[in-house]
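All of the numbers you see were taken from the coordinates with simple rules; none came from a lab. Bear in mind the structure is a predicted one, so any value in this text is a computation, not a measurement. When we count neighbours, we look across all protein chains shown, and the Cβ atoms used for this are built from the backbone with ideal geometry, even at glycine.
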Amino acid sequence: MNDPKQASRYESLVLRVLWMLVFLLVWQVAQLVLGGLVLVQLIYRLVYGAPNRGLMNFGDSLSLYLAQIGRFGSFHTEQKPWPFADWPASRAPEGEAPYEAPDNGTESKP
């Protein structure tokens, strides 16, 4: 016999699998972006002697986003990652201090 509760669980699982496939594609794109960011950050570090703060923050939040996808895909959580949840906020840097542009004492006047 058809059990409505079991049919509902099956439909729920099928929908989750579809979302997991979508997030698998998103994972692949985000992984490429993170790889590019790592290379750009390395070049920036070689040129300026310290990493770029913006790239550090974006790289950290992108890494946390990939972790959210992994948690959803491994059934650790039911919460779907961004855009269904907030984009993860970056944490304070734990490594090198970011590059700070030297202050020449000149301020632009309007």
Quiz prompt | Inter-label distance for PHE84 and LEU34, nm, one decimal - labels placed 7 Å from Cα along Cα-to-Cβ | solution = 2.0 nm
Quiz item: Which shape class applies to the stretch 24-93: rounded if a/c is under 1.5, otherwise prolate when a/b exceeds b/c and oblate if not, where a ≥ b ≥ c are the square roots of the Cα gyration tensor eigenvalues?
Solution: prolate
Exercise. Subtracting the Cα-Cα distance from 0.36 nm times the residue separation, let me have the gained length for ARG53 to PHE75 in nm, one decimal.
Key: 4.6 nm
Self-check item: Linear extension gain, LEU15 paired with LEU42, 0.36 nm per residue minus alpha-carbon span
Solution: 5.7 nm
